[in-house]
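As structure tokens, the structure follows; a few thoughts come after it.
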Amino acid sequence: MQRLLCTIGFAGKTAEEFFALLRGAGVQQLIDVRQNRGGQLSGFAKHPDLSFFLRAVEKIEYAHEPLLAPPPELLKSYRKGKDWPAYEAAFLKEMKQREVPEKVDTASWAAKVALLCSEPGPEKCHRRLVADLLADHWRARGDVVEVRHLVSQSDGKARSGGKKARLSHDQAVDH
């Protein structure tokens, strides 16, 4: 199976940029991997509004997958200490204990999905780690997988003066 696995964060993006990135990638389904979907700071990405907006604006399906969210205590610890290598190791250990990706039922997922979290970019976000786990799992089953991190100019990446959204391609097979 041919798959497109995108990641996207809503922080630092306008709704226009967010939906333009999803549209530009041809995303068919958004998988919410946040622990707290209803936070006050979520703006347009707050649950249940996001599900409505995705369907109404872009005809994109929505699903929440809490198995892929970091435990609250781990996230709290990271926010306090900002030690990314320690967080990454602890998160991957947690995923192994949860038997991710094997226990995640992706059979109902569309061929073109985006994993959603709040962080503007993928560099220090668990969604990138989840994408790597899923991509490796699917590739081991024989699927062809492209991982693409959707970021916008307002995320602080490659500013060229314009407000156009851009796509960041991660073509590496062995992360």
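The values are calculated or read from the model by the stated rules, or taken from the named source; none is laboratory data. Please read all numbers here as calculations on a predicted model, not as lab measurements. Cβ sites come from the backbone with ideal geometry, for glycine too, and all protein chains shown count toward neighbours.
Details
- Total residues in the range 93-123, condition surrounded by 14 or more Cβ atoms within 10 Å (Cβ to Cβ) and touching a residue at least 40 places away in the same chain (Cβ under 8 Å): 13
- D49 being farther than 22 Å from T14 by Cβ and of a type in the set (D, E, K, R): no
- Pick from the range 112-152, criterion small (G, A, S) and touching a Leu at 6+ places or on another chain (Cβ under 7 Å), ranking: farthest from F18 (Cα to Cα): A135
- Matching residues in the range 30-48 - criterion: being part of a helix (DSSP H, G or I) and surrounded by 14 or more Cβ atoms within 10 Å (Cβ to Cβ): S42, G43, F44, A45
- Residues of the range 56-74 that turn out to be in contact with a strand residue (DSSP E or B) (Cβ under 7 Å, 6 or more places away or on another chain) and not in a loop (DSSP other than H, G, I, E, B), as a count: 4
- Complete set of residues in the range 55-86 that are closer than 21 Å to R37 by Cα and in contact with a helix residue (DSSP H, G or I) (Cβ under 8 Å, 6 or more places away or on another chain): V57, E58, I60, E61, Y62, L68, A69, P70, P71, L74, S77, Y78
- Evaluation of G26 against the conditions (1) in contact with a Ser or Thr (Cβ under 9 Å, 6 or more places away or on another chain); (2) under 20 Å from S108 (Cα atoms) shows that the sole unmet condition is (1).
- Members of the range 1-18 that are buried (at least 19 other Cβ atoms within 10 Å of the Cβ), within 26 Å of W138 (Cβ to Cβ) and not aliphatic (A, V, I, L, M): R3, C6, T7, G9, F10, F18
- Against the numbered list (1) over 14 Å from the mean Cα position of the chain (by Cα); (2) part of a loop (DSSP other than H, G, I, E, B); (3) under 18 Å from L150 (Cβ atoms), V27 comes up short only at (1).
- Selection from the range 49-84 of residues that are surrounded by fewer than 12 Cβ atoms within 10 Å (Cβ to Cβ) and under 17 Å from the mean Cα position of the chain (by Cα): P66
- Residue within the range 100-114 that is under 17 Å from the mean Cα position of the chain (by Cα), modelled with pLDDT of 95 or more, outside any helix (DSSP H, G or I) and of a type in the set (D, E, K, R) present: yes
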